[in-house]
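All remarks here apply to the structure that follows.
The values are calculated or read from the model by the stated rules, or taken from the named source; none is laboratory data. Values in this document were obtained by computation on a predicted structure and should not be read as measured data. In this analysis, Cβ positions are derived from the backbone assuming ideal geometry, glycine residues included, and neighbour counts consider all displayed protein chains.
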Amino acid sequence: MAEELGSSASAPTTTSSSSSWAKTRSLWPSILRWIPTSVDHIIAAEKRLLSLVKTPYVVEQVNIGSGPPGSKIRWFRSTSDEPRFINTATFQSKEDSPTLVMVHGYAASQGFFFRNFDALANRFKVIAIDQLGWGGSSRPDFTCKSTEETEAWFIDSFEEWRKAKNLGSFILLGHSFGGYVAAKYALKHPEHVQHLILVGPAGFSSESESKSEWLAKFRETWKGAVLNHLWESNFTPQKVVRGLGPWGPDLVNRYTTARFGAYSTGEVLTEEESKLLSDYVYHTLAAKASGELCLKYIFSFGAFARMPLIQRSDNPTYFYPFSFL
């Protein structure tokens, strides 16, 4: 933009100012500049990461509708009436293969499953999504103010996605927070869930049920008080990544290396895999805050569910229409 202004003879003052800014900016070390990101950056990083997958696939932005500002529908509450999209990857499978829908966890997205897709596609028609407000999906303003509203944000938007994809029934897999969403969806729409697979699910117990003495004592310390305040203020891990600017990618690289450095088989991530995954994870974390703001409404400090699944699962009739795998 500075170069365009500098070429204009009719605005000498602006030209001088822009030239000075351009020179100042050129002297500013590139390492200290913020790293740009957006949903487009996420989709590009996703494409590079999924190039490692051998199974042919198709990525699409599934339109789940639009609504006017002020709509009563939770995930339409925004100053914008732009359509909402769910980023969806569908992997080629054998004819008549059962459909497996995969839902990622908190601070994640469907690309986190990249090492699982080839094996699963041998038996299933695999469909992996980015939940609304995460990954390459739309990131509308998050305006939920209660646990009920926040659950509706994820469950109802997922149901609109199912309708748009014209899926009847399917196997539903949820990991971590995605397991919580998958279970809550299955409770509300059991007719669409053939089997429910919960992988390391979150949200099965409340703080009162766990009776954590360690957590109670920790809250009484100044560190515990500070962390509890940050939690209730919705200070998310993603805010740390954004705030670090040019140092954010290095932090994310350390995180991905520590968490995904080796598989259960002991196989270590290759240098290319590590690089592509870190780049992808950085952009998913640093993009506009949206779905991540669900944290304080779903979980209390210590990651205990405010409306735990275990209370509902005590009644077996809730789970009768489908089965666990």
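Of note:
- Yes/no for residue 115 being more than 12 Å from the chain's Cα centre (by Cα), modelled with pLDDT under 95 and closer than 23 Å to residue 66 by Cα: no
- For the stretch 67-77, the criterion of being touching a Phe, Trp or Tyr at 6+ places or on another chain (Cβ under 6 Å), in a loop (DSSP other than H, G, I, E, B) and modelled with pLDDT under 90 is met by at least one residue.
- Subset of the stretch 157-179 that is in contact with a Leu (Cβ under 7 Å, 6 or more places away or on another chain) and crowded, with 24+ Cβ neighbours inside 10 Å - its residue that is nearest to residue 197 (Cα to Cα): 173
- Flag for residue 88 being buried (at least 16 other Cβ atoms within 10 Å of the Cβ) and modelled with pLDDT under 95: no
- In this entry, residue 235 passes the filter for residues that are free of Cβ contacts under 8 Å to residues at least 12 places away in the same chain and surrounded by 14 or more Cβ atoms within 10 Å (Cβ to Cβ).
- Cβ-Cβ contacts under 8 Å between residues 6 or more apart (or on different chains), taken from a first residue in the stretch 126-141 that is under 11 Å from residue 59 (Cα atoms) to a second residue that is outside any strand (DSSP E or B) and among the aromatic types (Phe, Trp, Tyr), are listed as 128/113; 128/117; 129/158; 129/161.
- Listed here are the helices (runs of 4 or more DSSP H) enclosed by the stretch 110-194 that have at least 2 residues being farther than 28 Å from residue 278 by Cβ: 147-165, 177-188.
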